[in-house]
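The next block holds one structure in the form of structure tokens; read it before the comments.
The values are calculated or read from the model by the stated rules, or taken from the named source; none is laboratory data. Treat the numbers as computed from the prediction; the structure is a model and nothing was measured. So basically every Cβ, Gly included, is an ideal-geometry build from the backbone, and we count neighbours across all protein chains shown. Areas reflect the complete protein model, heavy atoms only, side chains present, ligands, DNA and RNA absent. Shrake-Rupley method; radii C 1.70, N 1.55, O 1.52, S 1.80 Å.
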Amino acid sequence: MGNNYSDGMNSTYHSISSDEREIRRWSSFEYYPFKCGRRRIVYKGISFQSKRIDEIEEPTDGNFHGKGTKTKSKRVKTTDNIDNSYWSKRKCVVKTASKDDIMMNDKSNTDSQWFRKMFITGNDNISLFRKELNLDTEKKLGIAFAKSYLAEIDNMSSVWNPICYYCCRYKGRLSMDDIVLIEDRIEGPFRHFIFVDGTCEDDCPAILNAFLHFTYHQSEGKLVMCDFQGAEEKSNILHLTVPTIHSIERSFGPKDQGEEGIKEVLSNHKCNELCHKDWLKP
């Protein structure tokens with residue numbers, strides 16, 4: 001089992017998944033969730049840089065964090081991270097992970113860690129898109145994807161969590177050894193700009209619709225990115241969650257609907273003033 005309930009903070013272990021630089025993160029989070037729905041409980045927190053993949057000892061028994069081992073070494077590991085990673089802190093949310101989330105980071109898959117793969121693909125496309133539209137010089141609205149990490153609960157406060165739960169009577173709560181997602185926190189009113197089938201809100205920013213088309217053009221028709229959710233932040237950035245990617249090879253996880261998904265998205269796409277005339281069309 002993981003560490004026992006303590007009277008201190010809520011926190012996670014090193015994340016199971018990593019970012020494009022192979023850095024993992026861990027999080028400390030609040031006692032009371034700020035959102036509690038049917039499928040997810042969401043807490044505000046702070047995440048810290050952990051260690052590189054090759055610096056963390058992997059469990060050999062197939063468990064995420066070697067359950068059944070002595071907890072003392074785990075506490076030392078976590079304390080070391082607190083001392084060494086203060087300046088790497090970022091605002092985040094910690095929320096319950098779905099079965100799809102866990103599948104997306106399952107290292108037993110031949111296309112392992114889909115979240116990381118989608119984030120890298122998304123960032124590469126953003127860089128090329130900015131150059132294509134001269135976004136750096138024209139200072140237009142920018143796009144950024146929030147990083148997402150899968151982790152396991154390490155500590156849960158035995159005092160404050162029960163107090164918050166019984167006083168406020170919210171629908172659910174996290175428990176020891178639960179699997180959660182640590183995601184960069186998106187500030188501002190959350191919106192679903194473009195859906196998984198390519199349909200979009202009436203006031204969807206033109207740059208997102210153009211970016212969708214660009215991903216199809218840049219990949220020479222092999223994939224398209226969609227399902228853009230997030231918020232427009234004060235820094236003039238559209239901060240989005242990890243998108244859905246439909247690809248010919250269906251290599252981007254359980255939401256990837258392959259060629260049929262690509263066709264459906266492009267059939268619902270309407271070009272705007274930012275789409276170039278020479279971009280590939282189906």
| Condition test on LEU266, is it within 17 Å of ASN125 (Cα to Cα), in a helix (DSSP H, G or I) and modelled with pLDDT of 95 or more? | no
| said: within 24 Å of GLN218 (Cβ to Cβ) and either among the β-branched types (Val, Ile, Thr) or at pLDDT 60 or above (or both): which single residue out of ILE82, ILE153, ILE102, ILE126 fits that description? | reply: ILE126
| query | If we keep just the residues of segment 236-274 that are of a type outside the set (D, E, K, R) and open to solvent by 80 Å² or more (accessible area, probe 1.4 Å), which is nearest to LYS99 (Cα to Cα)? | reply | GLN257
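Taking segment 263-281 only, how many residues are within 20 Å of GLU132 (Cβ to Cβ) and either touching a residue at least 40 places away in the same chain (Cβ under 8 Å) or under 27 Å from the mean Cα position of the chain (by Cα) (or both)? Talk me through it step by step, then tell me what you get.
First, the residues of segment 263-281 that are within 20 Å of GLU132 (Cβ to Cβ): 265-266, 269-281.
Checking the rest, the ones that are also either touching a residue at least 40 places away in the same chain (Cβ under 8 Å) or under 27 Å from the mean Cα position of the chain (by Cα) (or both) come to 265-266, 269-276, 279-280.
Counting residues in segment 263-281 that are within 20 Å of GLU132 (Cβ to Cβ) and either touching a residue at least 40 places away in the same chain (Cβ under 8 Å) or under 27 Å from the mean Cα position of the chain (by Cα) (or both) gives 12.
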| What single numbered condition from (1) part of a loop (DSSP other than H, G, I, E, B); (2) touching a residue at least 12 places away in the same chain (Cβ under 8 Å); (3) farther than 27 Å from TYR149 by Cα fails to hold for HIS213? | (1)
